[in-house]
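Heads up: the structure comes next, in structure tokens.
The values are calculated or read from the model by the stated rules, or taken from the named source; none is laboratory data. Since the structure is predicted, the reported quantities are computational estimates derived from the model, not experimental observations. Because the Cβ atoms are built from the backbone with ideal geometry, glycine has one as well, and the counts that use them run over all protein chains shown. Protein only, heavy atoms only, side chains kept; ligands, DNA and RNA dropped before computing areas. Shrake-Rupley method; radii C 1.70, N 1.55, O 1.52, S 1.80 Å.
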Amino acid sequence: MEIKRHRAGRFGPRDRDVQQLLTYCVPAEDVWGATVTHGLIEYRDGRVAIPYGPVQRRQVLDLAEGVRRDRVAADVARDHRDAWKCGRCGYSDTCGQALSGR
């Protein structure tokens, strides 16, 4: 279960919230040998069940592999169009792709 301080809102769980929850399911399976069928995200405005199975496990492992690959890459492209995020990023002064005016 993942507990969030914000609301899910009218569009439901955010992709990043779902990915974070699904990431917790992989070690639960691997370390404890548990069969995980779903996880829960608790928002201020309700609880959402997120299904977990072989497809979601593969998504998590593929995402982790992408992170490993990007960590050793010479340059990695910014992954959003949100100036608000750039303005709060510790790398915006040096990334060359900053959207904010910092």
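Has segment 1-8 got any residue that is without any contact (Cβ under 8 Å) to a residue 40 or more places away in the chain, assigned to a strand (DSSP E or B), among the hydrophobic types (A, V, I, L, M, F, W, C) and open to solvent by 30 Å² or more (accessible area, probe 1.4 Å)?
yes
Hey, among the residues in segment 10-44 that are open to solvent by 40 Å² or more (accessible area, probe 1.4 Å), touching a residue at least 40 places away in the same chain (Cβ under 8 Å) and not in a helix (DSSP H, G or I), which one's farthest from GLN59 (Cα to Cα)?
Looking at the filtered set, the residue picked out is ARG44.
Matching residues to (1) open to solvent by 50 Å² or more (accessible area, probe 1.4 Å); (2) in contact with a Leu (Cβ under 8 Å, 6 or more places away or on another chain):
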| residue | (1), (2) |
| --- | --- |
| ILE50 | no, yes |
| GLN56 | no, yes |
| LEU63 | yes, no |
| ARG69 | yes, no |
| VAL72 | yes, no |
| ASP75 | yes, no |
| ARG78 | yes, yes |
| ARG88 | yes, no |
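Yes or no, residue by residue, for (1) among the aliphatic types (A, V, I, L, M); (2) in contact with a helix residue (DSSP H, G or I) (Cβ under 9 Å, 6 or more places away or on another chain):
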{"site": "GLY9", "(1), (2)": "no, no"}
{"site": "ASP30", "(1), (2)": "no, no"}
{"site": "ALA34", "(1), (2)": "yes, yes"}
{"site": "GLN56", "(1), (2)": "no, yes"}
{"site": "ARG68", "(1), (2)": "no, no"}
{"site": "ALA74", "(1), (2)": "yes, no"}
{"site": "TYR91", "(1), (2)": "no, no"}
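Going by what's in this entry, would ARG7 be described as touching an Asp or Glu at 6+ places or on another chain (Cβ under 7 Å), closer than 21 Å to LYS85 by Cα and not β-branched (Val, Ile, Thr)?
Criteria met by ARG7.
Just wondering, is there one or more residues in segment 42-52 that are of a type outside the set (Asp, Glu) and farther than 15 Å from MET1 by Cβ?
No: zero hits.
So that you can scan it fast, the table gives a plain yes or no per residue for (1) at pLDDT 95 or above; (2) not small (Gly, Ala, Ser):
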| site | (1), (2) |
| --- | --- |
| VAL26 | yes, yes |
| GLY33 | no, no |
| HIS38 | yes, yes |
| GLU42 | yes, yes |
| GLN59 | yes, yes |
| GLY66 | no, no |
| ASP70 | no, yes |
| ALA73 | no, no |
